[in-house]
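The values are calculated or read from the model by the stated rules, or taken from the named source; none is laboratory data. Because the structure is a prediction, the values reported are computed rather than measured. Cβ placement follows ideal geometry from the backbone for every residue including glycine, while neighbour counts extend to all protein chains displayed.
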Amino acid sequence: MSYAKLKQRAQQRFIDWLDKRQPATPSLALTQGVIYILPSRFGWWFSFLIILLYLLGTNYQNNLILLASFVLMSVLLSTMVLAFLNVHRLRLTVTDDAVTYAPLPAALTLKITANLCQMLQIRLKGQRHVQLLEYVAGTDAFTLMIPALDRGCYSLPRLVLKSDYPLGLFTTWSYPALQTQIWVYPEPVAKYTDTEQTLPQATNTPPTTQNELQPTDPTLLRAYQQGDSPKHILWKRLPAAPQQPVVRQRGAPLQSLPEWVHVPLLQGPALEHALSHACQQLLDLEAQGRHYGLQTATAQIAPASGQLHLTRCLQELALC
């Protein structure tokens, strides 16, 4: 077995061990069971210097050299304790899912609580980009930048917390996992040129079923009264109930009907274009305060309005 395969297998076993030992949670505190500490490269050379001084002092029976070795040993041990206490009981809490539009990077807001923590380095496992948090006392909000991802829903990778405080002799680190998701919505684009005819359009017509069209919103309808204009009668309903004609209320404009955003069954770049156009339509309808629904090849969301409804529709687009 080659070295690359052995390394990959060892890394996978280490990840499996971490998943069992430190499962993902919305909030966690760093305790002695999840904090790892080892001397840094500078710390190993510092330890070698202490041993060398001790051997020289013992060989030549020089009390000053022995005293220097003991003082450096006390500095080394004190630094180890301070390095551990710097991250001990540090608490991380995720406040909400990370949301962005492709191809922009996402930003995840974390709440960090600590008595006193300095020079804390945070990065995603497998990434080289490191963010530095110089000083934390009490509770502070921290924005973790996530690299750009393709459209979809992702679980947050395991974090890597690292610190060389106070003297760089020891490195303390941990691998916390936070239970949250990264939502990457389609890029909102309003206009196209070549593929305009294949893109979804927002209409006032509800999606069709196998039998008939869905009924019009009942809040805009009433029973027929003498004197009503024939233009307001819903003739499609007349064969089903000839004795009870239904008319649209006067003053209920056509624009007040809920609009539907349709995403056709496509693949590849055509699907991405359609999703981008549908995303822009949803944002525009929400900004106008309209009622709107979403119809895709696999799901249907009833008309509504509001930020929660918009989020639900955008998440459905991300999963298409």
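I'm trying to understand the selection: among the residues of segment 130-153, which are surrounded by 11 or more Cβ atoms within 10 Å (Cβ to Cβ) and part of a loop (DSSP other than H, G, I, E, B)?
Scanning segment 130-153 gives Val130, Ala148, Leu149, Arg151.
Of Val34, Val99, Val71, Val81, which residue is under 30 Å from Gly138 (Cβ atoms), part of a helix (DSSP H, G or I) and not assigned by TED's automatic domain parsing to the domain that holds His273?
Val81
Might you let me know whether segment 186-203 holds any residue that is at pLDDT 90 or above and assigned to a strand (DSSP E or B)?
Scanning segment 186-203 turns up no residue that is at pLDDT 90 or above and assigned to a strand (DSSP E or B).
For segment 1-26, how many residues meet the condition of being of a type in the set (Ser, Thr, Tyr) and closer than 13 Å to Arg158 by Cα?
1
Go through segment 84-95 residue by residue and tally those that are basic (Lys, Arg) and assigned to a loop (DSSP other than H, G, I, E, B).
Residues that pass the stated criteria total 1.
With respect to Cys313, is the statement that it is over 16 Å from Asp150 (Cα atoms), assigned to a helix (DSSP H, G or I) and not β-branched (Val, Ile, Thr) true?
The answer is yes for Cys313.
Can you spot a residue in segment 105-126 that is polar (S, T, N, Q) and within 30 Å of Gln280 (Cα to Cα)?
Within segment 105-126 (the criterion being polar (S, T, N, Q) and within 30 Å of Gln280 (Cα to Cα)), the answer is yes, since at least one residue qualifies.
Got a sec? Which of Leu275, Leu282, Leu266 is crowded, with 18+ Cβ neighbours inside 10 Å, within 19 Å of Pro186 (Cβ to Cβ), modelled with pLDDT under 90 and in the same structural domain as Leu319 (by TED's automatic domain parsing)?
Leu266 is the lone residue from the list that is crowded, with 18+ Cβ neighbours inside 10 Å, within 19 Å of Pro186 (Cβ to Cβ), modelled with pLDDT under 90 and in the same structural domain as Leu319 (by TED's automatic domain parsing).
Return yes when Leu120 is free of Cβ contacts under 8 Å to residues at least 40 places away in the same chain and either surrounded by 15 or more Cβ atoms within 10 Å (Cβ to Cβ) or outside the structural domain of Leu49 (by TED's automatic domain parsing) (or both) and no when it is not.
no
Looking only at segment 159-184, which residues are touching a helix residue (DSSP H, G or I) at 6+ places or on another chain (Cβ under 6 Å) and within 16 Å of Leu92 (Cα to Cα)?
Within segment 159-184, Ser163, Tyr175 meet the criteria.
Filter segment 114-171 down to residues that are in contact with a Leu (Cβ under 9 Å, 6 or more places away or on another chain), within 16 Å of Leu28 (Cα to Cα) and among the β-branched types (Val, Ile, Thr), then give me how many there are.
2
Among the listed residues Leu49, Leu64, identify the single one that is exposed (fewer than 10 other Cβ atoms within 10 Å of the Cβ) and part of a helix (DSSP H, G or I).
Of Leu49, Leu64, the one residue that is exposed (fewer than 10 other Cβ atoms within 10 Å of the Cβ) and part of a helix (DSSP H, G or I) is Leu64.
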